[in-house]
1. Would you be able to tell me the number of residues in the stretch 53-69 that are of a type outside the set (D, E, K, R), buried (at least 18 other Cβ atoms within 10 Å of the Cβ) and within 19 Å of TRP32 (Cβ to Cβ)?
2. Among the residues that make up the stretch 139-152, is at least one of them more than 30 Å from ILE204 (Cα to Cα), in contact (Cβ under 8 Å) with a residue 40 or more places away in the chain, polar (S, T, N, Q) and surrounded by fewer than 17 Cβ atoms within 10 Å (Cβ to Cβ)?
3. Does the stretch 137-163 hold any residues that are at pLDDT 95 or above and over 19 Å from PHE88 (Cβ atoms), and which are they?
4. Going by what's in this entry, would ILE201 be described as hydrophobic (A, V, I, L, M, F, W, C) and touching a strand residue (DSSP E or B) at 6+ places or on another chain (Cβ under 7 Å)?
5. Answer yes if at least one residue in the stretch 46-55 is assigned to a strand (DSSP E or B) and under 16 Å from the mean Cα position of the chain (by Cα), and no otherwise.
6. From (1) crowded, with 22+ Cβ neighbours inside 10 Å; (2) of a type in the set (Val, Ile, Thr); (3) touching a helix residue (DSSP H, G or I) at 6+ places or on another chain (Cβ under 6 Å), pick out the condition that doesn't hold for VAL100.
7. Out of SER161, SER168, I need the residue that is in contact (Cβ under 8 Å) with a residue 40 or more places away in the chain and over 17 Å from the mean Cα position of the chain (by Cα). Which one?
8. Can you find, within the stretch 1-37, the residue that is farthest from GLY210 (Cα to Cα) among those that are part of a loop (DSSP other than H, G, I, E, B) and β-branched (Val, Ile, Thr)?
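The values are calculated or read from the model by the stated rules, or taken from the named source; none is laboratory data. Keep in mind it's a predicted model, so treat the numbers as computed, not measured. Cβ placement follows ideal geometry from the backbone for every residue including glycine, while neighbour counts extend to all protein chains displayed.
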Amino acid sequence: MNVAVVVFPGSNCEHDVVHALNIVGCDAELVWHRDTDLSGFDGVVLPGGFAHGDYLRTGAIARFSPVMTPVQEMAGAGAPVLGICNGFQILTEAGLLPGVLLANRDLRFICRPVHLRVESTDSILTRSASIGDVLEVPLNSYEGQYTADPKRGSDVTLTYSDRDGLVSPAANPNGSTYNIAGITNEAGNIAGLMPHPERAIEAILGSTDGLVLLESFTTAVSEFADGKTVGV
């Protein structure tokens, strides 16, 4: 199982993602954003950071990188594609996921653990979890306020909650619509989230709750590599 971890100018979480994917059984390889051939890979991760300095708008420049053409082709073929933080922003800008990420409600950079409630298991990110599970995962972003048409609610995979799983305005760190922290496309093979599961995979990091999300992704990659459909 080979996973491409795309590196854009300004990415800064790529090595964290490679380390985390290796832990859950994937062979992860860094791929430069100018590369145009992803034929040797069974899945793709767009990691966090500040692609192209986040000039203009987060992900607005990165969406035009040459690598996004084969990323879109893989996504269309049903391959697992995951965007984390800045990667999530890029996926929305590229039209692979609905909605847009705006500046946080309080116009402040957020860097702290948050609680996430699993709302759906119909995605490559949450298939190994159970609905209602509460996960503690770090959030690190300034433009993380997810804004979307409420009609897209069926695609929600994760919401911000308190430690008991209560989804409320008080548990919403950035003003995201309906506390949305993660979504998937209708087919279930493309997923994005603002928090960083790769930073919650070892006890020394304070939480191992990110493992269930990355293990879900690994299972989907394995199935795609075996020629199986990974969507829902």
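1. Of the stretch 53-69, the ones of a type outside the set (D, E, K, R) are 53, 55-56, 58-62, 64-69.
Still in the list and also buried (at least 18 other Cβ atoms within 10 Å of the Cβ): 58-59, 61-62, 65, 67-68.
Narrowing further to those that are within 19 Å of TRP32 (Cβ to Cβ): 59, 61-62, 65, 67-68.
Count: 6.
2. So the first thing to find is which residues in the stretch 139-152 are more than 30 Å from ILE204 (Cα to Cα), and the list is 147-152.
Okay, now just the ones that are also in contact (Cβ under 8 Å) with a residue 40 or more places away in the chain, so 147-149, 152.
Now narrow it down to the ones that are polar (S, T, N, Q): 147.
Cutting the leftovers down to surrounded by fewer than 17 Cβ atoms within 10 Å (Cβ to Cβ) gives us 147.
Within the stretch 139-152, one or more residues are more than 30 Å from ILE204 (Cα to Cα), in contact (Cβ under 8 Å) with a residue 40 or more places away in the chain, polar (S, T, N, Q) and surrounded by fewer than 17 Cβ atoms within 10 Å (Cβ to Cβ).
3. ASP162, ARG163
4. Working: hydrophobic (A, V, I, L, M, F, W, C): yes; touching a strand residue (DSSP E or B) at 6+ places or on another chain (Cβ under 7 Å): no.
No.
5. First, pick out the residues of the stretch 46-55 that are assigned to a strand (DSSP E or B): 46, 49.
Those still in the list that are under 16 Å from the mean Cα position of the chain (by Cα) too: 46, 49.
Scanning the stretch 46-55, I find at least one residue that is assigned to a strand (DSSP E or B) and under 16 Å from the mean Cα position of the chain (by Cα), so the answer is yes.
6. If we test VAL100 against (1) crowded, with 22+ Cβ neighbours inside 10 Å; (2) of a type in the set (Val, Ile, Thr); (3) touching a helix residue (DSSP H, G or I) at 6+ places or on another chain (Cβ under 6 Å), just (1) comes out false.
7. On the way: SER168 fails: in contact (Cβ under 8 Å) with a residue 40 or more places away in the chain.
Going through SER161, SER168 in turn, just one is in contact (Cβ under 8 Å) with a residue 40 or more places away in the chain and over 17 Å from the mean Cα position of the chain (by Cα): SER161.
8. Just the residues of the stretch 1-37 that are part of a loop (DSSP other than H, G, I, E, B), to begin with: 1, 8-10, 12-13, 24-26, 33-37.
When the remaining residues are screened for being β-branched (Val, Ile, Thr), the result is 24, 36.
Values: VAL24: 11, THR36: 30 Å.
In this case the residue turns out to be THR36.
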